[in-house]
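First the structure, in the form of structure tokens, and then the observations on it.
The values are calculated or read from the model by the stated rules, or taken from the named source; none is laboratory data. These numbers come from a predicted model, not from an experiment. With ideal geometry, Cβ positions are generated from the backbone for all residues, glycine too; neighbour counts draw on all protein chains shown.
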Amino acid sequence: MDYQPTRHRKRRPALEPRVMLDFFMGVLWMFAGLFAAFSKELFQSDFFEGNDLVQGWMKYFIGGIFVLYGGFRIYRGYVLYKERLEE
């Protein structure tokens, strides 16, 4: 009986739940930022109308922060994905 070692193929790793969560949450945060900043222009209805807390430039500032955080989440997921590929 001849023993033939099996070849070890490198399989492409599937996306891990953590990576998928980072990508999904990044897109969600970016959408929330765009919604906060441009809700009146996109949907012809200002979500923050009548709100004393968020008015004027504050909507764009908060929207920008949300978009930046979403970009960070996507970047973090990408780095984690690349790290897992190298293992």
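Remark: pairs (first residue in the range 70-87, on the phi > 0 side of the Ramachandran plot; second residue surrounded by fewer than 12 Cβ atoms within 10 Å (Cβ to Cβ) and assigned to a helix (DSSP H, G or I); Cβ separation under 9 Å; 6+ apart in sequence or on different chains) are absent. In the range 42-55, the count of residues that are touching a residue at least 12 places away in the same chain (Cβ under 8 Å) and either in a helix (DSSP H, G or I) or closer than 30 Å to GLU87 by Cβ (or both) is zero.
Of note, PHE66 does not satisfy the criterion of being touching a helix residue (DSSP H, G or I) at 6+ places or on another chain (Cβ under 8 Å), loosely packed, with under 14 Cβ neighbours inside 10 Å, of a type in the set (Phe, Trp, Tyr) and under 16 Å from PHE24 (Cβ atoms). Among the residues here, PHE38 does not qualify as outside any helix (DSSP H, G or I) and either small (Gly, Ala, Ser) or surrounded by 13 or more Cβ atoms within 10 Å (Cβ to Cβ) (or both). When each of LEU21, LEU28, LEU85 is tested for being modelled with pLDDT of 75 or more, in contact with a Pro (Cβ under 9 Å, 6 or more places away or on another chain) and surrounded by fewer than 16 Cβ atoms within 10 Å (Cβ to Cβ), the lone residue that passes is LEU85.
The residue that is nearest to the chain's Cα centre (by Cα), counting only those in the range 33-81 that are modelled with pLDDT under 90 and charged (D, E, K, R), is LYS59. Taking every residue in the range 17-33 that is over 11 Å from ARG73 (Cα atoms) and pairing it with any residue that is assigned to a helix (DSSP H, G or I) and of a type in the set (Phe, Trp, Tyr), at least 6 positions away or on another chain, the pairs with Cβ-Cβ distances below 6 Å are ALA32/PHE66; GLY33/PHE66.
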